[in-house]
Each structure stands twice: as structure tokens, then as C-alpha cells.
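Trainee: Quick one: the structure is below, and I'll ask about it shortly.
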Amino acid sequence: MRLTEPRPRKYKCGLSAPCPSKHLAFRLVSGAANVIGPKICLEDKMLLSSVKNNVGRGLNIALVNGVTGELMETKTFDMWAGDVSDLLKFLRPLHEGTLVFVASFDDAATKMNDESRRLFEELGSTAVKELAFRDSWVFVGAKGIENKSPFEQRMKNSKSSNKYEGWPESLEMDGCIPLRPPLEA
């Protein structure tokens, strides 16, 4: 009789371990070159993906209520041919505690200006300062965060290390984000 190895159990969004209570499980995958779209999964729900047909070139962003974990909005901003003012109008009015999930696709930086970079820094990003043409970027931040987000990765677009011709490899990041306690009335 041969014992088979038990298959490792997968948890929400494919995590290898469950998140503690009052935490949200997430997985972000940046796009691969300009071919495979990015994905944003939260609590086992695919918020953005090619299959859902709601991703696009540039920044793919999901806004989530940081107290309830409910999806508020998803949107795509073309940072190659689009208008950065659309991104600014989207980020400026965010409420305290809003979680911001970002996955890049193709080019996330060309149209970024100082204000858009500053808004992402205020959400906890450290990599957005250096984000450049065709870099891969995944990030989770929050409005009102007091320090830098632990959930961020950037892969530089570099001829010597690119996995695809003209593009770095896609990034994948997952983890558990604590929900905020509701504000006292």
C-alpha cells in the first residue's frame, strides 16, 4: 500500500495559509508584457482580470472599504495614451481607510506626474517615485496610512534582465491585510 502525499490545501485567493480573523486575503498579479492582463483577487473574489474583461493598459485599481472589506470601485487608467487628470480625479477624494489595490499592465508610468506620484506616496508607496516606462508594479496602500505599505513590489524594465522582449516579468504578491476598526461615532 502506497501512501500519497496530501495535496497542499489552498486558501482564499490561492494563499498557502489562511488569514487571521479581521484580515482580508489578497493576491495581485501585474500584467505580463502587453499580452497577459493583470489580476486582483480579494477574499476569493476576482475583482479585476482579463476573464472579467475589466483590465487595461496602465494602472488597474480596485478601491475597497477598509472597515468592511467591500469592493467600492474598479477602474483602469491608461498611462501611455490616457489623461493623468482622470487618475487624479479618482485618487484625490478617497476617504480615510480606503484600501487601494494596484496592478500595472504594459506601461504604468509615462503619463504620471508629480501629483499622481505624491498621491500614491500618501497611500504608502515608496516605489512610485522611481516607477518608469514599462516597469511592473503591484501595490496595496490605504488612505491615511501612517507609514510605508509593506505590500509593494516593483520590477524595473531593463534590457539586460527583461524576461520578455521589451518588458520585465510579471510580479505576483499575496498576503493578509488587517481591516480597520470602525470609527467611533
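Trainee: How about segment 26-36: which of its residues are closer than 20 Å to Leu131 by Cα and surrounded by 24 or more Cβ atoms within 10 Å (Cβ to Cβ)?
Mentor: Within segment 26-36, Leu28, Ser30, Gly31 qualify.
Trainee: On the given criteria, is Ala109 assigned to a loop (DSSP other than H, G, I, E, B) and either hydroxyl-bearing (Ser, Thr, Tyr) or under 23 Å from Ala132 (Cα atoms) (or both)?
Mentor: Judged against the criteria, Ala109 is a match.
Trainee: Is there a residue in segment 150-166 that is within 23 Å of Leu91 (Cα to Cα) and part of a loop (DSSP other than H, G, I, E, B)?
Mentor: Yes: one or more hits.
Trainee: I've got another one for you. What are the residue pairs meeting all of these: first residue in segment 156-185, first residue more than 22 Å from Lys12 (Cα to Cα) and hydroxyl-bearing (Ser, Thr, Tyr), second residue at pLDDT below 70 and assigned to a loop (DSSP other than H, G, I, E, B), Cβ atoms under 6 Å, and 6 or more apart or on different chains?
Mentor: From residues that are more than 22 Å from Lys12 (Cα to Cα) and hydroxyl-bearing (Ser, Thr, Tyr), the pairs are Tyr164/Ala33.
Trainee: Another question, if that's okay. Specify which of the listed residues (Asn53, Asn65, Asn60) is more than 16 Å from Cys13 (Cα to Cα) and under 14 Å from the mean Cα position of the chain (by Cα).
Mentor: Every option except Asn60 fails the conditions.
Trainee: Tell me, which residue of segment 95-106 that is open to solvent by 20 Å² or more (accessible area, probe 1.4 Å) and part of a loop (DSSP other than H, G, I, E, B) is nearest to Cys176 (Cα to Cα)?
Mentor: Only one residue tops the list, namely Glu96.
Trainee: Which one of these is out of contact with any Ser or Thr (no Cβ under 7 Å at 6 or more places or on another chain) and without any contact (Cβ under 8 Å) to a residue 24 or more places away in the chain: Arg92, Arg57, Arg27, Arg118?
Mentor: Arg118
Trainee: Another question, if that's okay. Among Gly97, Gly69, which is the only one that is modelled with pLDDT of 95 or more and either among the β-branched types (Val, Ile, Thr) or touching a strand residue (DSSP E or B) at 6+ places or on another chain (Cβ under 7 Å) (or both)?
Mentor: Gly69
Trainee: Does Leu123 satisfy the condition of being at pLDDT below 95 and under 28 Å from Gly69 (Cα atoms)?
Mentor: Spelling it out, it is not the case that Leu123 is at pLDDT below 95 and under 28 Å from Gly69 (Cα atoms).
Trainee: Further question on the same structure: With the requirement that a residue be part of a loop (DSSP other than H, G, I, E, B), closer than 15 Å to Lys143 by Cα and open to solvent by 10 Å² or more (accessible area, probe 1.4 Å), what does segment 37-67 give you?
Mentor: Scanning segment 37-67 gives a single hit, Val67.
The values are calculated or read from the model by the stated rules, or taken from the named source; none is laboratory data. What you see is a predicted model, and the numbers here were worked out from it, not measured in a lab. When we count neighbours, we look across all protein chains shown, and the Cβ atoms used for this are built from the backbone with ideal geometry, even at glycine. These accessible areas exclude ligands, DNA and RNA; they are computed on the full protein's heavy atoms, side chains included. Shrake-Rupley method; radii C 1.70, N 1.55, O 1.52, S 1.80 Å.
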